[in-house]
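The values are calculated or read from the model by the stated rules, or taken from the named source; none is laboratory data. Please read these numbers as outputs of a predicted model, since none were measured by experiment. In this analysis, Cβ positions are derived from the backbone assuming ideal geometry, glycine residues included, and neighbour counts consider all displayed protein chains. Accessible surface areas use protein heavy atoms only, side chains included; no ligands, DNA or RNA. Shrake-Rupley method; radii C 1.70, N 1.55, O 1.52, S 1.80 Å.
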Amino acid sequence: MSKHVLAQNQYGKAENRIVTITRQGNEGAWHEIRDLNVSVALRGEFREVHLTGDNGNCLPTDTTKNTVYAFAKEHGIASPEAFAILLAKHFVHAQPVIHEAQIRVEEFAWDRVSVPTRAEQHSFVRKGQEVRTAQVTYNGHTGQLQVVSSLKELTVMNSTNSEFHGFIKDRYTTLQEAYDRILATKVTARWAHSATAAGEPEFDWDRSYRQVRRHMLEAFAETYSYSLQQTLNAMAERVLDNCGSVNEVRLNLPNKHHFLVDLEPFGLKNDNEVYYAADRMYGLIEGTIHRDGVQPVIATSDWITA
Ligand SMILES: O=c1[nH]c(=O)c2[nH]c(=O)[nH]c2[nH]1
C-alpha cells in the first residue's frame, strides 16, 4: 500500500497551432482563414498509466494532436467554441476511460489588407496595432540630423500567390518545391529619411508613417511571390517609389512557415486547407534597399527574432 496519493491529473497535446483556409466565391478565390492554438487535456481512468506503466488506458497525446487537425478538415472550424465542443465530446464519447476532456482554444484574429486590387481576397494582416518607433541622431559639430522611423510586430499573410522552387539542391536538401504556399511574416521595417525632410519644420511625420505602412502592405499583398526575398525587395521598392522623403529601407522578415498537415493516414485529402503553423525554426530574410547614390545609414547588425 503506497503512502502517496495520486490526485488530480490530466494530459494531452498542448498548443496545436492550426491555420485553415476555406475557399469561397468565384473559383474559390475568396479565402477565409482561421488561426487557432488548440490545447487538449484528458481526465479519466489513468491511475495505471501513472502507477504501473500499463498504457492500456492511454490515448497518446500524438493522437489528440492528429484528431485536432483531422477534425478541422472533416468538420471545419465554425468558431473556437463550436470546434472545442466537437473535440471535447469526441474524446469522451470515443473512449470510455476518458471521463472529461478540456479543450482550450486561443484564436488569433486577422483583418483583410485593404487594397484596390483582388489581393484583398487572400491577403491578411493580424489584428492588433504594430509598434511604431523612431530614432533621431543629431550631431552638434556637423549639424547633421538623421531620422530613422520604424515599425515592428506587423504580421501579414498571403494565403495564395506564393511559390518557392528552382532552388539549389545539394545532398542535404529535402525541401519540396512549392507551387502554392502560404507566405506569412512578421515585418520589422526601418526607413531613413532624407536630410531635407528631416530638417523641414512642417514635415508631417504621422502622414509619412501611414504612407510607408500602406505601401509596404499593398506591395506585400499585390506581389505574386517566388520567394520572400523577392517580396522584401518589392515592399522596399514600393516605399522608395512612393515616399519621396525616404532614402533607404531595411526589412527583417522572418518566414513564418505553414506546413500542410498530412491527413492521408486518416483517409482524408488535404486540398491546401489545413496547415500547421510552426513558430520555430524560421527562415530569416533581411535586406536594405536604398536610392542610388545615397550612403546607407541603418544598422544591419540588429538581432531580430520572429
Ligand atoms: O521564400 C523563401 N526563401 C528562401 O530562401 C527559403 N528557404 C526555404 O527553405 N524556404 C524559403 N522560402
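Every residue, every condition in (1) touching a Ser or Thr at 6+ places or on another chain (Cβ under 9 Å); (2) farther than 22 Å from Glu15 by Cβ, yes or no:
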site: Tyr226; (1), (2): yes, yes
site: Ala234; (1), (2): yes, yes
site: Val239; (1), (2): no, yes
site: Val246; (1), (2): yes, yes
site: Val261; (1), (2): no, no
site: Ala277; (1), (2): no, no
site: Ile285; (1), (2): yes, yes
site: Thr288; (1), (2): yes, yes
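When the range 224-237 is examined, which residues are found to be buried (at least 21 other Cβ atoms within 10 Å of the Cβ) and away from the ligand (no atom under 12 Å from the Cβ)?
Passing the criteria: Met235, Ala236.
For the range 111-134, give me each residue that is within 17 Å of Thr188 (Cα to Cα) and assigned to a strand (DSSP E or B).
Scanning the range 111-134 gives Phe124, Val125, Arg126, Val131, Arg132, Thr133, Ala134.
Output the residues belonging to the range 27-47 that are among the polar types (S, T, N, Q) and open to solvent by less than 20 Å² (accessible area, probe 1.4 Å).
The one that is among the polar types (S, T, N, Q) and open to solvent by less than 20 Å² (accessible area, probe 1.4 Å): Asn37.
Tell me which residues, restricted to the range 139-191, are out of contact with any Phe, Trp or Tyr (no Cβ under 9 Å at 6 or more places or on another chain) and hydrophobic (A, V, I, L, M, F, W, C).
Those that are out of contact with any Phe, Trp or Tyr (no Cβ under 9 Å at 6 or more places or on another chain) and hydrophobic (A, V, I, L, M, F, W, C): Leu154, Phe167, Ile168, Ala189, Trp191.
Mind listing just one residue for me: the one in the range 147-199 that is open to solvent by 10 Å² or more (accessible area, probe 1.4 Å) and aromatic (Phe, Trp, Tyr) and, of those, nearest to Phe220 (Cα to Cα)?
The extreme case among them is Phe164.
So Thr137 clears everything in (1) assigned to a helix (DSSP H, G or I); (2) outside the structural domain of Gly287 (by TED's automatic domain parsing) except one condition, right? Which one?
Just one mismatch for Thr137, condition (1).
Looking at the range 251-284, which of the residues that are open to solvent by less than 30 Å² (accessible area, probe 1.4 Å), in contact with a helix residue (DSSP H, G or I) (Cβ under 8 Å, 6 or more places away or on another chain) and within 16 Å of the ligand (Cβ to nearest atom) is nearest to Ile77 (Cα to Cα)?
Across the range 251-284, the extreme among qualifying residues is Asn255.
Among (1) open to solvent by less than 20 Å² (accessible area, probe 1.4 Å); (2) touching a residue at least 24 places away in the same chain (Cβ under 8 Å); (3) within 16 Å of the ligand (Cβ to nearest atom); (4) not in a strand (DSSP E or B), which single condition is Ala219 missing?
Checking Ala219 against (1) open to solvent by less than 20 Å² (accessible area, probe 1.4 Å); (2) touching a residue at least 24 places away in the same chain (Cβ under 8 Å); (3) within 16 Å of the ligand (Cβ to nearest atom); (4) not in a strand (DSSP E or B), the one that fails is (2).
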